[in-house]
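**Q** Below you'll find the structure I mean.
We did not get these values from a lab; they are worked out from the coordinates using the rules stated. The model shown is predicted, which means the values in this text are computed figures rather than measured ones. Here the Cβ positions follow ideal geometry from the backbone for every residue, glycine too, while neighbour counts run over all protein chains shown.
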4 protein chains.
Amino acid sequence: MKKIGVLTSGGDSPGMNAAVRAVVRKGIFHGIEVAGVYSGYQGLIEGTIKKLEAGDVGDIIQRGGTKLYSARCEEFRTEEGQLKAIENMRKEGLEGLVVIGGDGSYRGAMALTKRGFPCVGVPGTIDNDIPGTDYTIGFDTALNTVIEAIDKIRDTATSHERTFIVEVMGRDAGDLALWAGLAGGAETILIPEDSYDIDDMVDRLQKGRNRGKRHSIIIVAEGVMGGNELAELIKEKADIETRVSVLGHIQRGGSPTARDRVLGSLFGARAVEVLLTGAGGRAIGMKNHQVVDYDMTEAFTAEHNADMSLYTLSKELAI
Amino acid sequence: MKKIGVLTSGGDSPGMNAAVRAVVRKGIFHGIEVAGVYSGYQGLIEGTIKKLEAGDVGDIIQRGGTKLYSARCEEFRTEEGQLKAIENMRKEGLEGLVVIGGDGSYRGAMALTKRGFPCVGVPGTIDNDIPGTDYTIGFDTALNTVIEAIDKIRDTATSHERTFIVEVMGRDAGDLALWAGLAGGAETILIPEDSYDIDDMVDRLQKGRNRGKRHSIIIVAEGVMGGNELAELIKEKADIETRVSVLGHIQRGGSPTARDRVLGSLFGARAVEVLLTGAGGRAIGMKNHQVVDYDMTEAFTAEHNADMSLYTLSKELAI
Amino acid sequence: MKKIGVLTSGGDSPGMNAAVRAVVRKGIFHGIEVAGVYSGYQGLIEGTIKKLEAGDVGDIIQRGGTKLYSARCEEFRTEEGQLKAIENMRKEGLEGLVVIGGDGSYRGAMALTKRGFPCVGVPGTIDNDIPGTDYTIGFDTALNTVIEAIDKIRDTATSHERTFIVEVMGRDAGDLALWAGLAGGAETILIPEDSYDIDDMVDRLQKGRNRGKRHSIIIVAEGVMGGNELAELIKEKADIETRVSVLGHIQRGGSPTARDRVLGSLFGARAVEVLLTGAGGRAIGMKNHQVVDYDMTEAFTAEHNADMSLYTLSKELAI
Amino acid sequence: MKKIGVLTSGGDSPGMNAAVRAVVRKGIFHGIEVAGVYSGYQGLIEGTIKKLEAGDVGDIIQRGGTKLYSARCEEFRTEEGQLKAIENMRKEGLEGLVVIGGDGSYRGAMALTKRGFPCVGVPGTIDNDIPGTDYTIGFDTALNTVIEAIDKIRDTATSHERTFIVEVMGRDAGDLALWAGLAGGAETILIPEDSYDIDDMVDRLQKGRNRGKRHSIIIVAEGVMGGNELAELIKEKADIETRVSVLGHIQRGGSPTARDRVLGSLFGARAVEVLLTGAGGRAIGMKNHQVVDYDMTEAFTAEHNADMSLYTLSKELAI
């Protein structure tokens, strides 16, 4: 193998740049060339591919977003699109590709692999919802962004003796809500993995007030319902006024935390090592404190399990 | 004068604690006692008044929110409520009161003053909308919170080539939107002080794209319209997809910036000095780089003028 | 078991408060009482022990330092001191003790356990140097503090084309230096676990300059040598001017990151569970992504091993 | 005037990039071309001058340091160097120059102006020590960096009942120490503008302890003496152990605060307006809440006066 490519795909997540940097420099370290593909799979089809030197990825490890950009690409879902992508990569001399993104991006990488172009996947998403890895790049940063927001909201909640609902990202996975709820000292956490009991929630709110709590914070993952919807439900059920904060897009951005930079570096480097063995269709992950690689199909066929022990503990501590 | 009180009222704002600390310690420095009134005007009526020592306000200068709490109080708007408040203060030996809050809080302070109980107002609100002072306590912190959010959103906007609408606080005053727009490098700023031109806005968006801008950011003060409403308007008018971020309550909280702590300290101290002269009905402010005191009625009868030169400059620089 | 105590000892670390909160509330959840011991082992001897309710540990999960205070205590090293400690605890009805601190604190806990008073240790130190656990409470926060400092220093280093030496904590353990070096994109990392080669270091500096790098950052753990000493060495050896930043005490403080809050919560809760079984002399940790408990003596007799794969990777990526 | 240049000189300060952006875009807005000079006066002599488009200064308003770099330049102090600089600028078609930097940089700008090449100065330094302006670009950011450091140190100081000495920048000007001391709730502030009284300092420390203060913080500007030197003095005089934190270079970096971005934008824009009138030898500033321009010689001949009312107030509040 003499030259490989790297792209970022799907929603951007902090630490993607650390992974790109690692792919480029680890490749150069092993004597191969590395090219950046701009705007994800769309860039493969349009051929926006550019050789990157060690200096081109300098001063990016601390930046949020992705310097390689990301984009949706309908055309890539077609056979035609995929063949064009491979043609463009071969034209540039690429022999392998590192795809940094979520499970949707992995499907694309698997399709290319099946067509004979070896791809390796690196998990980049704030949702932490990729089966086979305990952590994804960007989760830790998003989590700390949520925590900082909760800390700010708590100032107002305490000053005014109010109940706040904080809506966080997570359509199918409750990891962000779970971790943020435990770390933020929330009374109640609503996640897609569990049904909610509005009576129990109201009961906890009232118990908290009775023991003199000046504020209550409820975390709800967007996949359960919207924050405003929940506020209406509580109002209806128990006539309790709540305030709602929908954190939204700020959860995706920001300078990556140390952990996301380290994770991005470890994953990007391992992806190059795997590609150099000639293997395709592998996904990189962290499993039981070890960097691992595993069959990429597992990442979009197996189920992601949130750590429900955090859920239980959070309830026990929010008394 | 031997003893004075201090309360915080209206929406909490970062730096209020620095002002409370300054009132207490400046009072003690001048040999008088200072009592904290808890939960604003409601605390006056309920008599939740407690003498504060220097140590009681230690370790609070860096905290957001208000350690004296805040609350709405309908009863205080009545004659009965105000008389009860004065009775309670006299019972505690108070001879003057520092009220930290917005213009609504000033009205209450003026009512007490007219009934013979001297009050001095300290401007505490993130909106920066109190006539007679160039800055209010909390504005600088809120502004920096907005800026950090915009910086995060810009990461995603750049990575995905998107247009974002950021809705910030400001029902009647555009200060937060103006400053944040200029400091955040926004293309367009919509403030209550000026009518907006949807065609011009769309035109700017398209020009930016044409010159290769990967992201566009529009700041809208909530007093103009909601962010989601604006998104629909742009969609309708020009078929441009935008993403919306409603910053909401995170704008109120957080550890105060250095400037808000200094402002709180200066204002709190001056309030005590003014009260010690026996004067009531005065408001504290910063005018042309000087700490001043002025007739409190000005603060809720005059009009607040946003600095429109920032508006003009922002347009010139966002080319 | 009806009542247990909790104390913090040794250097403070962010997340200790989350652990204290977890001990108190988990205890209450299981129907036992929990008392806080103030100022570490000194508090045991002086008897500054106070029952804590759920509300007493409210609003502390986000605070740096330790609300239970910490202190050195020579007297506790003596038999007399330890017997007095046990006597005081029995007087208060305590039947077990959770000790949150570093390996020095664990020795004290083991001594008490051997004298018949069951203690469980929770690893609280920014150094991440306790054998038997992959992470200690406070490490993640300290690491991010270091990273933010490096990011700031990089601004100046790039603007002025300079080489900076950043001295970080770590007398015997290089974890902080290693992680920070990798996450901060440092050229060179000096850790106590490895000998340094001044010629290689100078060589790397010069290679970086030759390929157009505008800045170079060297991380040195205090246990290797002081930053200023290293600057002189480089000056002497290669006549290269460097600037030095000794990060010092800021590395200990600050609001804990989400991870340190979660770790503190998990560890504190597990400590209570272990004590409730009647076991003493156990230490809590995170091993291969699982919360575990193990023989406490391991924590101060075994050797802590830094993850040297980070060291290797850092060198490969800093080309 | 058809084309002007802009450079940054002296120590970098956060907000310089906002000023550069404003100069470039305000110039373009007025229909003239703007060129960036790289590495300060050295770039003038070496001719590293490059035309900048609006897009070239996009996405920099939030970055610390200076994208135009800075450097020392001995040669520029000579007549020969200055003539060469003017020659190079004329060769590029420049007719005016905006110099962003401290008072040393202003001297260079004045020299060029006297030789017939009109220059305008924009105050960029974290020291806030330029006569004729109430604020310089970068001061607010540096101040908040210091405050955050003090907040972290306070965690440890409180937990361990310790006295900390924090050494901040400021060789001749005490502004940073003064503001940080007031905003950080320091017991004692030592600034170059006032003699210090070691007995009074020790007295304050002991009084604080007597009233139960768990921590004491002393801020010393580097121009008074080093933090370690002060620690020895206090040890000698009163046998009080202190811990020292030398903040050093982290004070220069970081993403600029909103205020520094606004200040940079306002100053950069005004500089262009002044140059367009054909005037040279003017300095831009903020005076009594107004953007002003004034004779540049004032900036290095008049004396900067720190706001000593902060000094007095700080003492009154640190009781």
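**Q** Have a look at C:143, C:9, C:28 and report the one farthest towards the positive end of the charge dipole of chain C, computed about the Cα centre with Cβ charges (Lys/Arg +1, Asp/Glu -1).
**A** Positive-end residue among those listed: C:28.
**Q** Any idea what diffusion coefficient region B:64-113 gets from Stokes-Einstein, in µm²/s, Kirkwood Rh on alpha carbon pairs, 4 °C, 1.567 mPa s?
**A** Details: Rh = 11.9 Å.
Here the translational diffusion coefficient equals 109 µm²/s.
**Q** Now for a separate question. If you average 1/r over all unlike Cα pairs in region A:87-139 and invert the result, what Kirkwood radius do you get in angstrom?
**A** Details: mean 1/r = 0.0853 Å⁻¹.
So the Kirkwood estimate lands at 11.7 Å.
**Q** OK, next. Out of all DSSP beta bridges in the protein assembly as shown, what portion is antiparallel? Express it as a percent rounded to 5. Intermediate results must be reported in sequence, preceding the final value.
**A** Working: 40 of 163 bridges.
Looking only at bridges with both residues in the protein assembly as shown, the antiparallel portion is about 25 percent.
**Q** Right, next: Counting helices only, and only those DSSP H runs with n ≥ 4, report the 222 nm mean residue ellipticity of chain B as the sum of -39,500 (n - 2.57) divided by its residues, in deg cm²/dmol to the nearest 500. List each step's numbers first, then the result.
**A** Values: 11 runs with 138 residues, N = 319.
Estimated from H runs of four or more residues: -13500 deg cm²/dmol.
**Q** Any idea what the residue A:238 label distances to the other copies are, label 7 Å down the Cα→Cβ vector, nm, shortest first?
**A** Spelled out, the distances from residue A:238's label point are 4.5, 5.2, 6.3 nm.
**Q** Mean-square fluctuation check for chain A, GNM, Cα pairs under 10 Å: which of A:24, A:291, A:146 is largest?
**A** Evaluated over chain A, the most mobile residue of the options is A:291.
**Q** Would you list which lysines come within 19 Å of residue A:50, measuring only between C-alpha atoms, while excluding same-chain residues fewer than 8 positions from it?
**A** Output for residue A:50: A:2, A:3, A:26, A:67, A:84, A:91.
**Q** Over the whole of D:259-270, what's the average partner chain Cβ count within 10 Å per residue? Rounded to a whole number, please.
**A** 4
**Q** With chain B rotated onto chain D, spot the residue of B whose Cβ lies nearest the axis and note the distance in whole Å.
**A** Output: B:288, 2.
**Q** How well do other chains shield peptide B:182-191, expressed as the mean number of their Cβ atoms within 10 Å of each residue Cβ?
**A** Shielding by partners across B:182-191 averages 4.
**Q** Which percentage, to the nearest 5, of the DSSP beta bridges contained in chain A is antiparallel?
**A** Working: 10 of 41 bridges.
Of the beta bridges lying entirely in chain A, close to 25 percent run antiparallel.
**Q** Treating the angle as unsigned and between 0 and 90°, give the value, to the nearest 10°, between the Cα long axis of helix C:16-29 and the longest Cα principal axis of chain C.
**A** Here the helix axis deviates by roughly 30 degrees.
**Q** Here is a further query. Per residue, how big is the convex hull of region C:25-109 when only Cα atoms are used? Give it in Å³. Provide the component values of the computation, followed by the final result.
**A** On the way: hull volume 8.2 nm³, N = 85.
Hull volume over Cα atoms, normalised by residue count, gives 97 Å³.
**Q** Between the helical axis of D:227-238 and the dominant principal axis of chain D, each derived from Cα atoms, what acute angle in degrees is found, rounded to the nearest 10?
**A** Long axis of D:227-238 versus the principal axis of chain D: about 20 degrees.
**Q** Gaussian network model of chain B, Cα springs within a sub-10 Å range: biggest mean-square fluctuation belongs to which of B:159, B:265, B:255?
**A** So, out of B:159, B:265, B:255, the one fluctuating most is B:159.
**Q** I've got another one for you. Measure nothing but the geometry: give the 0 to 90° angle between the long axis through the Cα atoms of A:79-91 and the longest principal axis through the Cα atoms of chain A, rounded to 10°.
**A** Long axis of A:79-91 versus the principal axis of chain A: about 60 degrees.
**Q** Evaluate peptide A:54-61: per residue, the Cβ atoms of other protein chains within 10 Å of its Cβ; return the mean as an integer. Don't jump to the answer; show the numbers that get you there.
**A** Numbers: counts 7, 6, 0, 2, 8, 6, 1, 8.
Neighbouring Cβ atoms belonging to other protein chains average 5 per residue here.
**Q** Between the DSSP loop rule and a limit of at most 16 other Cβ atoms within 10 Å, which GluC sites (Glu not before Pro) in region B:283-316 are left? Numbers along the way, then the final one.
**A** Numbers: sites: B:298, B:303, B:316; in loops: B:303.
Qualifying residues, ordered by number: B:303.
**Q** When the convex hull of the C-alpha atoms of region C:215-312 is computed, what volume per residue in Å³ does it have? Don't jump to the answer; show the numbers that get you there.
**A** On the way: hull volume 17.0 nm³, N = 98.
Per-residue hull volume (Cα only) is 173 Å³.
**Q** Let me ask something additional. Run the numbers on region B:23-158 and let me know its relative contact order in percent, using alpha-carbon pairs under 8 Å that are six or more apart. Walk me through the numbers before you get to the answer.
**A** Numbers: 160 pairs, mean separation 21.4, N = 136.
That works out to 16 percent.
**Q** Over the Cα atoms of region C:61-178, Rg to Rh with Kirkwood Rh, two decimal places?
**A** With Rg and the Kirkwood Rh in hand, the quotient comes to 1.13.
**Q** Once phi is turned into ³J(HN,Hα) by the Karplus curve 6.51 cos²θ - 1.76 cosθ + 1.60 with θ = phi - 60°, what whole-Hz value does each residue of region D:187-198 show in order, with x for glycine and proline?
**A** Each residue's phi maps through the Karplus curve to give 6, 9, 10, 10, 10, x, 6, 9, 6, 10, 10, 4 Hz.
**Q** For region C:127-266, list log₁₀ I(q)/I(0) at each q in 0.11, 0.19 Å⁻¹, using the Debye formula over Cα point scatterers of equal strength and ignoring solvent, two decimals each.
**A** -0.40, -1.07
**Q** Using Cα springs under 10 Å in a Gaussian network model of chain D, which residue among D:223, D:36, D:55 shows the largest mean-square fluctuation?
**A** Fluctuation is largest for D:55.
**Q** I need the per residue convex hull volume for region B:259-319, using only the alpha carbons, in cubic angstrom as a whole number. Mind dumping the intermediate values first?
**A** Details: hull volume 6.1 nm³, N = 61.
Per-residue hull volume (Cα only) is 101 Å³.
**Q** On to the next question. Taking each label point as 7 Å beyond Cα in the direction of the beta carbon, state the distances from residue A:115 to the same residue in the other copies, shortest first, in nm.
**A** 6.2, 7.4, 7.9
**Q** Could you give the semi-axes, largest first, of the ellipsoid that matches region B:145-189, computed as the square roots of 5 times the alpha carbon gyration tensor eigenvalues and rounded to whole Å?
**A** Working: eigenvalues 79, 19, 15 Å².
Ellipsoid semi-axes (Å, largest first): 20, 10, 9.
**Q** Let me ask something else. Two decimals is fine: what's Rg over Rh for the protein assembly as shown, C-alpha atoms, Kirkwood radius as Rh? Can you show the working numbers first?
**A** Values: Rg = 30.1 Å, Rh = 31.7 Å.
That ratio equals 0.95.
**Q** For residue A:226, place a label point 7 Å from Cα along the Cα-to-Cβ direction in every copy; what are the distances to the other copies, in nm, shortest first?
**A** So the label point of residue A:226 gives 0.7, 6.1, 6.1 nm to the other copies.
**Q** Is the C-alpha gyration tensor of region A:122-168 telling us rounded, prolate or oblate? Criteria: a/c under 1.5 is rounded; beyond that, a/b larger than b/c is prolate, otherwise oblate.
**A** Details: a/c = 5.01, a/b = 3.21, b/c = 1.56.
It is prolate, given that a/c is not under 1.5 and a/b is the larger ratio.
**Q** Cβ under 10 Å from residue B:207's Cβ, residue B:207 left aside: what net charge do those residues give with Lys, Arg +1 and Asp, Glu -1?
**A** Details: positive: B:204, B:209, B:211, B:213; negative: B:187, B:203.
Taking every other residue near residue B:207 into account, the sum is +2.
**Q** Starting with the highest mean, order A:147-154, C:176-183 by the number of other Cβ atoms within 10 Å, averaged over the residues of each peptide. Show your work: numbers first, answer last.
**A** Details: A:147-154: 24.2, C:176-183: 30.0.
Descending packing order for the listed peptides: C:176-183, A:147-154.
**Q** I've got another one for you. Lysine pairs in region B:204-319 with alpha-carbon atoms under 17 Å apart, 8 or more places apart or on different chains: how many are there? All intermediate terms of the calculation are to be shown ahead of the outcome.
**A** Values: B:207/B:235; B:207/B:237; B:207/B:315; B:213/B:315.
Here the count comes out as 4.
**Q** Which value in Å is the Kirkwood Rh of chain C over different Cα pairs? Before the final figure, lay out each step's value.
**A** Working: mean 1/r = 0.0489 Å⁻¹.
Computed over Cα pairs of chain C, the Kirkwood hydrodynamic radius comes out at 20.4 Å.
**Q** Additional query: Let me have the relative contact order for chain A, percent, based on Cα pairs under 8 Å that are six or more residues apart. Please list the in-between numbers first.
**A** Values: 740 pairs, mean separation 77.3, N = 319.
This gives 24 percent for chain A.
**Q** Two decimals is fine: what is log10 I(q)/I(0) at q = 0.10, 0.20 Å⁻¹ for region C:171-253, from a Debye sum with one equal scatterer on every Cα and no solvent?
**A** Per q value, in the given order, log10 I(q)/I(0) is -0.23, -0.96.
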